[in-house]
Amino acid sequence: MPVLPLTEEQERWVIERTLERNVRAFEPAYANGGFGPDTYPCWSAYVNRDVLSMFGTDDWIGIEDVGPRYKDYCARQYEPFEEATWRKAGNLLHYGRVLGLIAEEHDPERGRGWRLVHGELRWIVEGTGYGKRAVQVRGLPPAEQEARDRYEARMRRLHATLDRKARLKADVHISDMVDAILEQDPETVVPDYWRGRGFVPEWLLGKSLAGSATVVRETHHALEMDRRQLHEWLRWLSSLRDAAGYKFFSRQRERAALPEHAAIPDADADALGGLL
């Protein structure tokens, strides 16, 4: 039998019952929390990051949007069960409320929801490996906040110096790679797969590398790349150099496979002999 489409009233009933079921999964996690601070030393920073991702450019979200927002912006893996997504969203909002990042707020027109209290990162991850931990950087008592601000200013100056030195150290390596690409494949163009990566201006894509070499050699200075960005840039340049090298050796093999002297057909050989 063909399945008849639902009426508008039936669709509304299904939506309402689905929301009720999801909210039942959400409420215990929102009220009590669950996995989190006792499991992950960086939990507060992760909560801060995900709360900001969940709200995006909005400063208030309603109960009906909680699950979809979590799924779209915070889920780390595919979750086939909708109730599990809502439980995880409840857990996140519980700790967001504990940290003072959000507040539950009823809107007269839109109903139950949550307001974003702080739109900037107040917790960050510091350290590496097993030494990683969450550190509060905003909302501290005045004396602690002043000390933290001084520390961050000092770190910014230090990292700016280290980034500048790394860019200067990379100059020769970048220039050598560009020279190698042009020597092995003079027809190379600035590849389109660099689009959207911010390495070079978009208008340079598809242009001859020979005519764009100066821009490519200097872009790490022009963009003031930090060490992470510089490492990525060197990796992509190295890939382009390897591709040019592959083309060069392919041409060499093709030339080596050609016969040293082309064979002359018998008829042509006889005609040639008659001319001599």
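Across segment 110-133, what is the number of residues that are surrounded by fewer than 21 Cβ atoms within 10 Å (Cβ to Cβ), under 14 Å from Glu64 (Cα atoms) and of a type outside the set (Lys, Arg)? Residues meeting the conditions: 2. Per the conditions (1) touching a strand residue (DSSP E or B) at 6+ places or on another chain (Cβ under 8 Å); (2) more than 24 Å from Glu224 (Cβ to Cβ), the sole criterion not satisfied by Val137 is (2).
The number of residues in segment 70-90 being touching a Gly at 6+ places or on another chain (Cβ under 8 Å), surrounded by 21 or more Cβ atoms within 10 Å (Cβ to Cβ) and closer than 16 Å to Arg49 by Cβ comes to 1. In segment 214-223, the count of residues that are basic (Lys, Arg), closer than 15 Å to Ala180 by Cβ, part of a helix (DSSP H, G or I) and modelled with pLDDT of 95 or more is one or more. Could you tell me whether any residue of segment 91-105 is assigned to a loop (DSSP other than H, G, I, E, B), among the aliphatic types (A, V, I, L, M), more than 26 Å from the chain's Cα centre (by Cα) and surrounded by 14 or more Cβ atoms within 10 Å (Cβ to Cβ)? Looking for residues that are assigned to a loop (DSSP other than H, G, I, E, B), among the aliphatic types (A, V, I, L, M), more than 26 Å from the chain's Cα centre (by Cα) and surrounded by 14 or more Cβ atoms within 10 Å (Cβ to Cβ), one finds at least one in segment 91-105, hence yes. Scanning for something among the acidic types (Asp, Glu), in a helix (DSSP H, G or I) and at pLDDT 95 or above, does segment 196-213 turn up at least one residue? No - not one qualifying residue is present in segment 196-213. Among the residues of segment 37-56, just one is surrounded by fewer than 17 Cβ atoms within 10 Å (Cβ to Cβ), touching a residue at least 24 places away in the same chain (Cβ under 8 Å) and part of a helix (DSSP H, G or I), namely Arg49.
Applying a threshold of 6 Å to beta carbon distances and a minimum spacing of six or more residues, or different chains, the list of pairs starting in segment 57-69 at a residue that is of a type in the set (Ser, Thr, Tyr) and ending at one that is at pLDDT below 95 and not in a strand (DSSP E or B) is empty. Every condition in (1) more than 25 Å from the chain's Cα centre (by Cα); (2) over 16 Å from Thr214 (Cβ atoms); (3) free of Cβ contacts under 8 Å to residues at least 40 places away in the same chain; (4) part of a helix (DSSP H, G or I) holds for Gly139 except the one numbered (4).
The values are calculated or read from the model by the stated rules, or taken from the named source; none is laboratory data. Note that this is a predicted model, so its numbers are computed, not measured. Cβ sites come from the backbone with ideal geometry, for glycine too, and all protein chains shown count toward neighbours.
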